[in-house]
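Novice: Below: one structure in C-alpha cells.
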Amino acid sequence: MDENEKQINNDELKVLRTYTSDMAEAIKKNEISVIKIAVAEKEKKDRELEYTETPTPNSSKKIFIIAGIILIITAILGSYFLFKKKNVTEIPTQKTINIETLISYDAKESFDVTSATNVYDLSEIIKKENQQNSGLVKALFLTKKINNLDEILTSKNFLSLIKATAPDTLIRSLTDKYLLGKYLTSNNKPAMFLIFQTTDYPQAYSSMLEWEKTIAQDLFTLFNTNDQKNENLLSEKKWKDVVIKNKDARVLYDSSGEEILYYVFVNKNNFVITNNLDALKEVITRLLIKNQK
C-alpha cells in the first residue's frame with residue numbers, strides 16, 4: 001500500500017472514532033439529565049406530600065380550639081340531660097283524673113276534699129264551684145291528696161266522709177264506682193243526685209229499705225233539701241211506692257206532703273238517690289242510654 005492510501009484510512013478511522021465517541025458522550029449526558037429530572041421530580045413530590053401531611057402551627061391551633069369547643073358543648077348537654085332526668089325521677093307525676101262515669105254529663109268539676117272531715121265541710125267546698133262551668137248535668141269529682149297525688153274518692157270513702165248511717169251490708173255490696181252530680185232544673189235551681197253501683201241487688205235493695213230510717217238526715221245537708229223544722233219532724237215523714245219512668249221508686253214525703261227525697265233501682269246494678277223529680281227522670285234516661293252501648 002502506498003502512502004496516500006494509508007493516509008486516507010487513518011483519516012477515516014479518526015473520523016469514525018470521533019463520531020462514536022461523540023454519540024456515546026451525548027447518550028451519557030442525556031441519561032444523566034433524565035436521571036436528574038426524575039430525581040428532581042421525586043423530590044418535588046416528596047416535599048408536596050410532606051407539606052400536606054404535616055400541619056402548620058396555625059392549623060394545629062384551630063384543631064385544638066374546635067375540639068375544645070366540641071368537648072365543652074358535649075359536657076353542657078350531658079349535664080343538662082342528667083339534671084332533667086333527675087327532676088323527672090324526683091318530682092311525682094300529677095295523676096290525671098280519667099274515670100269512667102256511670103252516665104254521660106254536660107260539664108264536670110273536681111274538688112279537693114283533703115281537708116274535709118264531715119258533710120258540712122264537703123258542702124262548703126262544693127258551694128265554691130265554678131258557676132260558669134255548668135250544664136244540664138254536671139259531674140262533681142271528689143279528690144283527696146295521697147302522697148302529693150290526687151286520688152278519686154271511692155263510694156266507701158264518700159259514705160265515710162259524710163258519716164252516713166247506711167247499713168254495712170249495703171256498703172259491702174257497693175263497687176268503688178259512684179257519681180255525685182248536679183242537675184239544673186227549669187227554674188235554674190240546682191238539684192243534687194247520687195248514683196251508686198252494686199254487685200248484689202237483693203242485698204242492696206233490702207239494705208236501702210233499712211237505710212230509709214236515717215237517709216234523709218244523712219243527706220239533708222249535702223242535698224240542701226230539709227230545713228231545721230223538717231229535720232225535727234223526721235218521725236212524721238213517710239216513704240211511699242211510686243212509679244217513675246216505668247221504674248218502681250220510693251219517695252219520702254215531709255209532714256206537709258211535699259216530696260223531698262227519691263231513690264230508684266234503675267236496673268240490677270245501679271240505683272239513684274236525688275231530691276228532685278226532673279233530675280231523677282234525666283238520670284234514669286242517661287243510665288238506660290249508657291247501658292245500651
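Novice: Could you look through the stretch 127-172, keep only residues that are touching a residue at least 24 places away in the same chain (Cβ under 8 Å) and of a type in the set (Val, Ile, Thr), and pick out the one that is farthest from Ala279 (Cα to Cα)?
Specialist: Looking at residues that are touching a residue at least 24 places away in the same chain (Cβ under 8 Å) and of a type in the set (Val, Ile, Thr), I get Thr169.
Novice: Under 9 Å between Cβ atoms, at least 6 apart or on separate chains: pull out the pairs that start in the stretch 97-109 with a residue that is closer than 17 Å to Leu194 by Cβ and end on any residue that is loosely packed, with under 13 Cβ neighbours inside 10 Å and modelled with pLDDT of 85 or more.
Specialist: Matching pairs, first to second residue: Ile103/Ile289; Ser104/Ile289.
Novice: Which one of the conditions (1) more than 20 Å from Leu287 (Cβ to Cβ); (2) within 27 Å of the chain's Cα centre (by Cα) does Lys156 fail to meet, given that it meets all the rest?
Specialist: For Lys156, the exception is condition (2).
Novice: Please go through the stretch 170-201 and give me each residue that is more than 20 Å from Lys156 (Cβ to Cβ) and not basic (Lys, Arg), ordered by number.
Specialist: Of the residues in the stretch 170-201, the ones more than 20 Å from Lys156 (Cβ to Cβ) are 182-191.
Within the stretch 170-201, Tyr183, Leu184, Thr185, Ser186, Asn187, Asn188, Pro190, Ala191 qualify.
Novice: Pick out the one residue from Phe265, Phe223 that is surrounded by 17 or more Cβ atoms within 10 Å (Cβ to Cβ) and modelled with pLDDT of 95 or more. Working first, answer last.
Specialist: On the way: Phe223 fails: modelled with pLDDT of 95 or more.
Among Phe265, Phe223, only Phe265 is surrounded by 17 or more Cβ atoms within 10 Å (Cβ to Cβ) and modelled with pLDDT of 95 or more.
Novice: Do we find a residue being farther than 30 Å from Leu179 by Cα, loosely packed, with under 11 Cβ neighbours inside 10 Å and at pLDDT 75 or above anywhere in the stretch 47-61?
Specialist: No: zero hits.
Novice: Next question. Considering only the stretch 182-199, state which residues are among the basic types (Lys, Arg) and more than 32 Å from the chain's Cα centre (by Cα).
Specialist: Going residue by residue through the stretch 182-199, those that are among the basic types (Lys, Arg) are 182, 189.
Within the stretch 182-199, just Lys189 meets the criteria.
Novice: Could you grab me the full set of residues in the stretch 173-204 that are part of a loop (DSSP other than H, G, I, E, B), in contact (Cβ under 8 Å) with a residue 12 or more places away in the chain and either more than 18 Å from Glu100 (Cβ to Cβ) or among the acidic types (Asp, Glu) (or both)? Write out each step before concluding.
Specialist: Filtering the stretch 173-204 for residues part of a loop (DSSP other than H, G, I, E, B) gives 185-189, 199-200.
Remaining after also requiring in contact (Cβ under 8 Å) with a residue 12 or more places away in the chain: 185-186, 199-200.
Correct list: Thr185, Ser186, Asp200.
Novice: Mind listing just one residue for me: the one in the stretch 131-171 that is part of a helix (DSSP H, G or I) and aliphatic (A, V, I, L, M) and, of those, surrounded by the most Cβ atoms within 10 Å (Cβ to Cβ)? Break it down stepwise before answering.
Specialist: From the stretch 131-171, those part of a helix (DSSP H, G or I) are 155-161, 168-171; that's our starting set.
When the remaining residues are screened for being aliphatic (A, V, I, L, M), the result is 159, 161, 170-171.
Values: Leu159: 20, Leu161: 18, Leu170: 22, Ile171: 16.
Here the answer is Leu170.
The values are calculated or read from the model by the stated rules, or taken from the named source; none is laboratory data. Everything quoted here is computed from the prediction, not taken from an experiment. Here Cβ is always computed from backbone atoms with ideal geometry, including for glycine, and neighbour counts include all displayed protein chains.
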